[in-house]
Amino acid sequence: MRFIADLHLHSRYSRATSRNMELESLAVWGKKKGITLLGTGDFTHPTYFAEMRSKLEPFGEGIYVLKGGERETKFMLTTEVSNIFSQGGKVRKIHTLIFAPNFSAVEGINDKLRSLGKLGSDGRPIFGFPVKELVKIVLGISSECLVVPAHVWTPWFSVFGANSGFDSLEECFEEEVKHIFAIETGLSSDPEMNWRLSTLDNITLISNSDAHSPSRLGREANVFDCPLDYREIIQAIRDKDPRKFLFTIEFFPREGKYHYDGHRNCGVVFSPLQTKTNDYLCPVCKKRLTVGVMHRVGEMADRAEGFIPGNSIPSIHLIPLDEIIAESLDVGVGTKAVEGEYERLIRAGRSELAILLDLPPEELKRFTSSRVLEGIIRVRQGKLHISPGHDGVYGKISIFSANGKGEGEASEQQMSLF
């Protein structure tokens, strides 16, 4: 069974998150997007966990469905936690995903973490102990849990981040590194960038939306071909099995808000080379620039760009459908015109990801305007112009550039997936 899974998102109990991030709304939007399996997010939050217990029922092994409401979307129990601690003479700030097989395991994790931090203060709680201890705690409750470093390249709050991270998984997790089977690449990097590090060859690269509002679900995701079963999914990730873990759906990483170096307040956007030329200092305020993901990957890489490991799982890069519609209409993403056309298209095409990934142009032509169809094809071909994101500012994508030239053709690997 082929299905799409987005396993990292947040509930309305996390800071800076939409009030609509609750189970019923997530299920509706999962169907709109074409996502079969969603992470619940935030299972450490006591109020949200109580909602999960009352609203979800088992669908299969470790997979849940709403008791009432939209039942096409299924759920896996997931959360993200933050560890802020000192190690190696430096303050570290690491975000980590936890996937759990059942409510009993979550109760055990929450009971233990409750004595170590305030679970009710935020959907993503903060702890002051080293992240390797988190691995011991979680796997001590259930060996079936999976612990995954989140958005591993972002400057803050990540295992490889330029400001508070480490130079290797081994340095971070020490003796517990044997339990780290996967990392989340984040919006500002993609598998191709991570393939430049030979130390990650045996690590599975997963991608998720980290959505804070329902419309952002599926902007990154994972495509599996296995039974809809917790153990099967976790094993496919652990084994890095390309027969069961088919590919990831990616942001164009230049659109990510930490791809390039820069200073948001000073309007400075630098490539890694420009940053080095300027001694890492902002030419406006003379303070140190925020070093982005592209720069950090280059520092740690031991391979040239374009290297493809033999055991790699491919990826495909997309732009959300509402952004394609907005540019085709030359209006803002949140306008009623875009919302109306979006709803019409997904009714005709089954779901957003079916339109972006699966339907051939001749079928899309039957219900899309010529402009939207051209936009979808350009995205599939990678014919885009992208001004890179930096220092917390998303990059800007132009699909219909004046000269029709973009960032280059999509890779043969991406075109073969289409």
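For this structure, a couple of remarks:
- Output for segment 368-409, where each listed residue is of a type in the set (A, V, I, L, M, F, W, C) and either buried (at least 20 other Cβ atoms within 10 Å of the Cβ) or modelled with pLDDT of 90 or more (or both): Val372, Leu373, Ile376, Ile377, Val379, Leu384, Ile386, Val393, Ile397, Ile399, Phe400
- Test: residue in segment 329-351 that is crowded, with 17+ Cβ neighbours inside 10 Å and under 22 Å from the mean Cα position of the chain (by Cα): yes
- Any chance Lys93 is charged (D, E, K, R), in the same structural domain as His179 (by TED's automatic domain parsing) and surrounded by 16 or more Cβ atoms within 10 Å (Cβ to Cβ): yes
- Within segment 231-260, considering residues that are in contact with a strand residue (DSSP E or B) (Cβ under 6 Å, 6 or more places away or on another chain) and among the hydroxyl-bearing types (Ser, Thr, Tyr), the one surrounded by the most Cβ atoms within 10 Å (Cβ to Cβ): Tyr260
- Any hit, segment 192-203, residues being more than 18 Å from Gly306 (Cβ to Cβ) and either not assigned by TED's automatic domain parsing to the domain that holds Asn102 or not in a helix (DSSP H, G or I) (or both): yes
- Search result, residues across segment 211-230 that are outside any strand (DSSP E or B) and either over 10 Å from the mean Cα position of the chain (by Cα) or surrounded by fewer than 22 Cβ atoms within 10 Å (Cβ to Cβ) (or both): His212, Ser213, Pro214, Ser215, Arg216, Cys226, Pro227, Leu228, Asp229, Tyr230
- Note on segment 277-312: residues that are free of Cβ contacts under 8 Å to residues at least 24 places away in the same chain and surrounded by 13 or more Cβ atoms within 10 Å (Cβ to Cβ) total 5.
- Being under 23 Å from Glu255 (Cα atoms), at pLDDT below 95 and not assigned by TED's automatic domain parsing to the domain that holds Trp156 is a property that Gly334 has.
- Test: residue in segment 307-317 that is among the small types (Gly, Ala, Ser), modelled with pLDDT under 95 and not assigned by TED's automatic domain parsing to the domain that holds Ala236: yes
- Hits in segment 13-56 (condition: more than 16 Å from Phe103 (Cα to Cα), within 17 Å of the chain's Cα centre (by Cα) and either among the charged types (D, E, K, R) or part of a helix (DSSP H, G or I) (or both)): Leu26, Trp29, Gly30, Lys33
- Filtered by the rule that a residue be of a type in the set (Lys, Arg) and in a helix (DSSP H, G or I), segment 347-356 gives a lone residue, Arg347.
- Long-range neighbours under 9 Å by Cβ, at least six apart or interchain, first residue assigned to a strand (DSSP E or B) within segment 57-69, second surrounded by 13 or more Cβ atoms within 10 Å (Cβ to Cβ) and polar (S, T, N, Q): Pro58/Asn102; Tyr64/Thr40; Val65/Thr73; Leu66/Thr73
- Every residue from segment 357-379 that is assigned to a helix (DSSP H, G or I) and either hydrophobic (A, V, I, L, M, F, W, C) or in contact (Cβ under 8 Å) with a residue 40 or more places away in the chain (or both): Leu357, Leu364, Arg371, Val372, Leu373, Glu374, Gly375, Ile376, Ile377, Val379
- Pairs where the first residue, in segment 16-36, is assigned by TED's automatic domain parsing to the domain that holds Ser209 and the second is among the aromatic types (Phe, Trp, Tyr), C-beta under 7 Å, 6+ apart: Thr36/Phe3
The values are calculated or read from the model by the stated rules, or taken from the named source; none is laboratory data. Quick caveat, the model's predicted, so the values are computed rather than measured. As a convention, Cβ positions derive from the backbone with ideal geometry for all residues, glycine included, and neighbour counts pool all protein chains shown.
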